[in-house]
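Have a look at the structure below before the remarks.
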Amino acid sequence: MISQGPETNPRLFTFVGGTTGLWTVTDVKAVIGESLAVTERLDIINGSVSVPPDGSKWILRGATSNERYATRSEKDLMVAKQTALGRPKATCAALIPIRKNPQWWSLTQDERRTIFEDRSRHVQIGLRYLPAVARRLHHCRDLEESEPFDFVTLFDYAPSDSAAFEEMVAELRASEEWKFVEREVDIRMNRDWD
Ligand code: HEM
């Protein structure tokens, strides 16, 4: 379901907004800051892409990584409930790239955790939507080339869970954590295989 690039790092993913790929883009919305160009389709490639494919308007990259904030009990709760991306019924997806501001990055890990969870309840909110929503978090800050976003978040869900997904993003965006978000684009897609 995803194409394999030439790189060997299995944690690296490339997201190409263009005219190819299995996801049909239905909406591109700037939530905070500058948007990305509207494209017809999104291709998700496990690996790197050396030459931008014909018709591509933007390319984002990110790598999955170890957790930074989740505690053991939070992680256990998530592992017990979560499912992987790509379930046949999950024909809706959201790709939400996010950049946080320099103030966020100047905080220490414990200060960030306090805002992220103790004050914003990110994991507590998210847990309520598992397993309806499947997720994968990609980090972009420490890649070789500088990237326009710090994170690329990817979610899929069944059409019947669309309202729940909207409720979750609204709740997260109203939290203190989001005061540190300086750019966010919300790209929605439908899948037309299966
Ligand atoms: C499906 C429900 C969700 C769950 C269970 C969830 C859970 C988590 C967890 C556990 C982390 C921290 C990982 C770590 O310890 O490093 C995290 C980070 C993150 N999540 Fe979510 N999340 C959910 C939904 C969302 C949504 C809808 C968005 C975007 C609108 C989002 C954006 C992010 C971002 C940007 C980070 C990185 C934060 C940072 O490191 O500063 N999450 N999420």
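Computed from the coordinates by the stated procedures, all read-outs in this text should not be read as laboratory data. What you are looking at is a predicted structure, and each value in this text was computed from that prediction instead of being measured. Note that we place each Cβ from the backbone using ideal geometry, even for glycine, and neighbour counts take in every protein chain shown.
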* Quick one: putting +1 on the C-beta of Lys and Arg, -1 on the C-beta of Asp and Glu, what dipole do you get for the chain around its Cα centre, in Debye to the nearest 20? -> 340
* In nm, what is the difference between 0.36 nm times the number of residues separating THR26 and ARG68 and their Cα-Cα distance? -> 11.9 nm
* Structure fact -> So the number of lysine pairs in the chain with alpha-carbon atoms under 27 angstrom apart, 8 or more residues apart or on different chains, is 10
* Structure fact -> In debye to the nearest 20, the charge dipole size for segment 22-76, taken about the Cα centre with +1 at each Lys and Arg Cβ and -1 at each Asp and Glu Cβ, equals 140
* So how tilted is helix 72-81 from the main axis of the chain? Cα-based, degrees 0 to 90, rounded to 10. -> 40
* Structure fact -> For the chain, whose charge dipole is built from +1 on Lys and Arg Cβ atoms and -1 on Asp and Glu Cβ atoms, the candidate among LEU130, PRO88, LEU143 with its Cα farthest towards the positive end is LEU130
